[in-house]
Amino acid sequence: MRERIRAWTESLETFLLEVILEERRGTRAGLVRAILYVLSKLFQVAIKLRRFLYNVRILRDSTLGVQVIAIGNLTVGGTGKTPVVEKFARELSDQGRNVAILSRGYRSKPQPVHKWLLNKVFLREDTVPPRVVSDGKSLLLDSEMAGDEPYMLASNLKDVVVLVDKDRVKSGRYAIEKFGCDTLLLDDGFQYWKLRGRRLDIVLIDRQQPFGNEWLLPRGTLSEPPSHLARASTIFITKSDGHTEELRRRITQFNPTASIIECIHHPLYLEDVFTGQRLELGSLKARKVASLSGIAQPESFEQSLLQLGSELVYAKRFADHHRFTQQEVLNVINRSKKRQAEMIVTTQKDAVRFPKLDRRDLPIVFMRVEIKILNGADGFQDCVRKICFR
């Protein structure tokens, strides 16, 4: 039943995204866009009202007495946020900070319905502890229970605590009391206004689609208007090509004081999804490969394979955060073989959602990437120092 609901949800999301981006034409698509336009206006009013209620203290925020860094975006998905969270967590940990990453665990396995109802009825939600993906020593949950991004972060950062809970005030308090953390990284936290205190806001903007289609949700992909960049202390331009003068000018109109850092997703190596064997990136050169992905912007990933010298003979895309079934992966293997592909390449975020396979006729590897700063390295180090000495 849960699989059917998930498949229906993904199908609806794909349809709505095609409508929003005007890839679907016709009367029905036009009618849906008109409805979404009205809803986006209501969403805009709701954002302004919520912000006003926080400003006048009707909605109360919380302070936990430690450094808080909220890393997020204005648009929904695809900015490359997870590698930036990883870079900050690694740098701060190396500087001696006791870091916890707090995630809401998007698309993680929900608790059983009967437990959820009992907690609601008896008002026990605040007493249910967050899910501990990593205690800073060991990986404690799988990707289904944790969510793909928290699981990936915990896998890459062995000495960082990773917690999952929608209430990040609760999970932050848990990180402080149980693990002695002094620095809280809010993954996808720009819109999470409930936790304040000693807080820095870091916003990521995708150079390829900086403000989506300029519409707010659900007519567009903006979670907040671009003017809300004024809250940011540091702004990352991700997937930069070095030609960002116009984008920088527009950012400065909204926030003239924020540091602007440009970066790219830099491939490091390939790793077999099932065996853990590592391969050099050069093994892609002049080889026929297939790609398999379930991410928000697969075009960037596929383009990186071409830039590494491979010949992309087949590309299979699924909805963002899609949890692959064995049959789906086997179908991709069969179609890749028909196109004479020599290997299948996926992303690390997708690799954590792979099922066990009865057979593997082709090697399946993921590409490990990290953030590489092109412009603004001094700004990044200043940001880290500011966090460390606050």
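Entry note, the chain: relative contact order of 18 percent, from Cα contacts under 8 Å with a spacing of 6+ residues. Compared with the dominant principal axis of the Cα atoms in the chain, helix 298-307 is inclined by about 50°.
Exposed loop sites were defined as GluC sites (Glu not before Pro) in DSSP loop states (anything but H, G, I, E or B) carrying at most 16 other C-beta atoms within 10 Å; in the chain the longest segment without such a site runs 24-213.
Rounded to the nearest 20, the Cβ-based charge dipole of the chain about its Cα centre (Lys and Arg +1, Asp and Glu -1) stands at 1040 debye. At full extension, residue 94 and residue 266 could sit 59.9 nm farther apart than now, given 0.36 nm per residue minus the alpha carbon distance.
Counting every alpha-carbon pair across the chain, the share separated by more than 29 Å comes to 47%. Between residue 142 and residue 241, what FRET efficiency follows from the Cβ-Cβ distance if R0 is 35 Å, with the result rounded to 0.05? The formula returns an efficiency of 0.40 here.
With all protein chains kept in place, the per residue accessible area of segment 1-63 amounts to 76 square angstrom at a probe of 1.4 angstrom. Partners of residue 41 within straight-line reach, counting aspartates and glutamates whose Cα lies under 18 Å from its Cα and excluding those fewer than 8 residues away in the same chain: 214, 224. For the chain, the share of accessible area belonging to carbon and sulfur comes to 52 percent (1.4 Å probe, ligands and nucleic acids excluded). Quick one: Cα centre-to-centre distance for segment 154-225 and segment 2-50, in angstrom? When both Cα centres are located, 24 Å separates them.
Give the relative contact order (percent, whole number) for segment 239-309; include only Cα pairs under 8 Å separated by 6+ residues.
23
Surface analysis of segment 129-219 yields an accessible area of 38 Å² per residue, using protein heavy atoms and a 1.4 Å probe. In this calculation the C-beta distance from residue 28 to residue 209 is compared with R0 = 25 Å, giving a FRET efficiency of 0.50. Per residue, the solvent-accessible area of segment 274-372 (1.4 Å probe, heavy atoms of protein chains only, all protein chains present) comes to 48 Å².
The loop-placed chymotrypsin sites (Phe, Trp or Tyr not before Pro) in segment 318-390, going by DSSP, that have at most 12 neighbouring Cβ atoms within 10 Å of their Cβ come out as 389. Would you mind checking the tilt of helix 2-20 against the longest principal axis of the Cα atoms of the chain, expressed as 0 to 90 degrees and rounded to 10? The helix 2-20 is inclined about 80 degrees to the chain. Here, P(r) means the percent of Cα pairs in each 10 Å bin from 0 to the largest distance; for segment 1-97 it is 11, 22, 29, 26, 10, 1. Sparsely packed loop sites in segment 274-324 (the trypsin sites (Lys or Arg not before Pro) outside DSSP H, G, I, E and B with at most 12 other Cβ atoms within 10 Å) comprise 285.
Give the lysines whose C-alpha is closer than 28 Å to that of residue 338, dropping any in the same chain fewer than 8 places away, or say none. Reachable lysines: 285, 288, 316, 349, 356. Electrostatic bookkeeping for residue 256 treats Lys and Arg as +1 and Asp and Glu as -1; over the other residues with beta carbon under 13 Å from its beta carbon, the sum is +3.
The values are calculated or read from the model by the stated rules, or taken from the named source; none is laboratory data. The shown structure was predicted, so the numbers you read here are calculated from the model rather than taken from an experiment. Neighbour counts run over all protein chains shown; Cβ positions are idealised from the backbone, glycine included. Note: areas computed on protein heavy atoms with side chains; ligands, DNA, RNA excluded. Shrake-Rupley method; radii C 1.70, N 1.55, O 1.52, S 1.80 Å.
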